[in-house]
Amino acid sequence: MAATTGDSNKLQVLVPGDIGFIGSHCIIELINAGYEPIVVDNLSNFSIVCLQRVEQIVGCRIINYKIDCLDLEGLRDIFKKHSTYAIMNFAAWKSVDESVEKPVLYYKNNVGYLLNLLTVLFVFFFKPINHDFLTIVYGSPKYLSFDEKHPYIGDSITNPYGKSKYICEHILKDTTIAYPN
Ligand SMILES: O=c1ccn([C@@H]2O[C@H](COP(=O)(O)OP(=O)(O)O[C@H]3O[C@H](CO)[C@@H](O)[C@H](O)[C@H]3O)[C@@H](O)[C@H]2O)c(=O)[nH]1
């Protein structure tokens, strides 16, 4: 199987959480579109076998790192090794029920990962990124499709998972205001 790493001139896209449901589809589309995805996943929700299946589908090896979201030094090392063109972040815990039982863990993990990504991002002079748009964060849509201008629902979010994502949205909005370029 050919490797995607090394001498390729392809633009590299860091995709934390890309062994997961949405991320694994995303890396296939990235490869089809001519990009080189860099997989960063702590394998908390999926095994490396999922990545191997994706490699079979695309017919090449995919650069991957098993690191935890709160490992700031680990993230820094990855940024040093790759000239990252963009980041698409899917790494998060997403169980509503579990988030109600373990709220601190969810805030620490989901918000902490985003803060670590932004910390490293600014060290390497990148722009802030758009985040995902979810009904769990925004509530019933006021209009479709969701975009950056859509009003947030804030206090009516019923669980720590949704709130952790809501906080992430505000962090990104504030960061984009602070660093418009
Ligand atoms: O701290 C963490 C937590 C999770 N993961 C990984 O992240 C992936 C998440 O995938 P999955 O559990 O299948 O979630 P998805 O359905 O793909 O949803 C993800 O992508 C959505 C769209 O961005 C977000 O809304 C969700 O919160 C986020 O979990 C998995 O491979 C996990 O192993 C990490 O690497 N680090």
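Coordinate-derived values only; no laboratory data. This structure is a prediction, so every number in the text was calculated from the model and none was measured. Cβ: placed from backbone, ideal geometry, glycine included. Neighbour counts: every protein chain shown.
Taken over the range 1-119, the ratio of Cα radius of gyration to 2.2 N^0.38 Å equals 1.07. Taking a Cβ cut-off of under 13 Å around Val54, the surrounding Lys, Arg, Asp and Glu residues balance to a net charge of -2, with basic ones at +1 and acidic ones at -1. Here the label points at Leu43 and Val104, each 7 Å from Cα along the C-beta direction, are separated by 2.8 nm in the simple model. Taking amide H as placed 1.01 Å from N in the peptide plane, the amide H of Val40 sits under 5 Å from that of Val15, Gly17, Asp18, Tyr65, each at least 5 places away or on another chain.
Between Lys173 and Arg61, the contour length at 0.36 nm per residue exceeds the alpha carbon distance by 36.8 nm.
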